[in-house]
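Written below as structure tokens is the structure these notes are about.
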Amino acid sequence: MAIIDKALAGKVALVTGGSRGIGRAICVALGKRGAKVIVNYASREDAARECAAEVEAVGGQAAIVGFDVANATAVNDAIKQIGKDHGALDILVNNAGVAINGMLMRFSDDQWKKVLDTNLNGAFHCLRAAASLLLKAKSAGRIVNITSVVGESGNGGQIAYAASKAGLIGLTMTTAKELAGRGVTCNAVSPGFIETDMTAAHLPEAARAKLMEQIPLARIGRSEDVADAVAFLAGPEASYITGQVLRVNGGMLM
Ligand SMILES: NC(=O)c1ccc[n+]([C@@H]2O[C@H](COP(=O)([O-])OP(=O)(O)OC[C@H]3O[C@@H](n4cnc5c(N)ncnc54)[C@H](OP(=O)(O)O)[C@@H]3O)[C@@H](O)[C@H]2O)c1
């Protein structure tokens, strides 16, 4: 069994979209390392509660908080309350995301708005609301944004999703430059194809076989693969890494 130290003991972490999939694995990975994890969800309070129980089972502390990252007022209120309830915010993981697939010429304004509001504006809302707490964090705040391989390469049929994820990379680098003076780091993790609710629903067998041909490590990624990279960037070994995009994609894009 891998030995994991408690490098994040005493830290308070907020993970948006922590109730399911990659976000949930991130909550557990941070909890395993001793963090107090605040699990955000949009509608699945049941799943957030299950995640919190999982975090506690691995030795972390957990709380849940429901808010829609697309709603700036709700984000401001929730993050202010986190500061009051927990006294600090050391780690922010912008993971909440939605995928609505569709080609350029058939994509509606509403679809575009939903994807950009959640994936890009949502991260901006959380960063802006959390920045003052992260700047006050005792041993330098940490931010990790979850982008995607398609934000780096583009992907036919994912016009809004790819644009939102490319935008997150610009947001990451600029935040890194603006907050570096106080030691706060901001990085992105860029997953390839990871098996979660978001992807499983969209993938027929033939497409899965085709996809495997593009992954040199010849397997679909696990949420834990992404979570370990996030925990590294949130931990003490990554204090000199900022403004970077760490790819966790099995070699799909090099
Ligand atoms: N899966 C992949 O292959 C893959 C690859 C690259 C990047 N990513 C990125 O990784 C992140 C997680 O993806 P996933 O596959 O784990 O997705 P998922 O299984 O569909 O889970 C999405 C999570 O985001 C939350 N969420 C959605 N809209 C939200 C909103 N407006 N406000 C707050 N929370 C919201 C959901 O909350 P509820 O439970 O309440 O619905 C859920 O916890 C996303 O940013 C995604 O783009 C995924």
- What tally of residues in the range 131-163 results from selecting those that are within 23 Å of Ile220 (Cα to Cα) and assigned to a strand (DSSP E or B)? 4
- Task: Check the range 129-136 and report whether any residue there is in contact (Cβ under 8 Å) with a residue 60 or more places away in the chain, among the aliphatic types (A, V, I, L, M) and either within 12 Å of the ligand (Cβ to nearest atom) or in contact with a Phe, Trp or Tyr (Cβ under 8 Å, 6 or more places away or on another chain) (or both).
- Result: no
- of a type in the set (A, V, I, L, M), exposed (fewer than 13 other Cβ atoms within 10 Å of the Cβ) and either under 24 Å from Val55 (Cα atoms) or in contact (Cβ under 8 Å) with a residue 12 or more places away in the chain (or both), is that true of Ala218? yes
- Query: Can you name the residue in the range 1-31 that is more than 13 Å from Gly235 (Cβ to Cβ) and assigned to a loop (DSSP other than H, G, I, E, B) and, of all such residues, is modelled with the lowest pLDDT?
  - Reply: Met1
- Can you confirm whether the range 17-35 contains a residue that is within 14 Å of the ligand (Cβ to nearest atom), surrounded by fewer than 22 Cβ atoms within 10 Å (Cβ to Cβ) and of a type in the set (Lys, Arg)? yes
- Of Asn155, Asn121, the only residue that is free of Cβ contacts under 8 Å to residues at least 12 places away in the same chain, more than 9 Å from the ligand (Cβ to nearest atom) and not acidic (Asp, Glu) is Asn155
- Message: What's the number of the only condition in (1) of a type in the set (A, V, I, L, M, F, W, C); (2) within 14 Å of the ligand (Cβ to nearest atom); (3) part of a helix (DSSP H, G or I) that Leu246 fails to meet?
- Response: (3)
- Top-ranked residue of the range 209-223 - restricted to ones that are within 12 Å of the ligand (Cβ to nearest atom) and assigned to a helix (DSSP H, G or I), ranked as farthest from the chain's Cα centre (by Cα): Leu211
- Out of the residues in the range 36-66 that are among the β-branched types (Val, Ile, Thr) and within 16 Å of the ligand (Cβ to nearest atom), which is farthest from Ala88 (Cα to Cα)? Val55
- Can you tell me which residue among Ala137, Ala99, Ala131 is surrounded by fewer than 24 Cβ atoms within 10 Å (Cβ to Cβ) and in contact with an Asp or Glu (Cβ under 8 Å, 6 or more places away or on another chain)? Ala137
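The values are calculated or read from the model by the stated rules, or taken from the named source; none is laboratory data. Everything numeric here is computed off the predicted structure, so don't read it as measured data. Glycine gets a Cβ as well: all are built from the backbone with ideal geometry, and neighbour counts include every protein chain shown.
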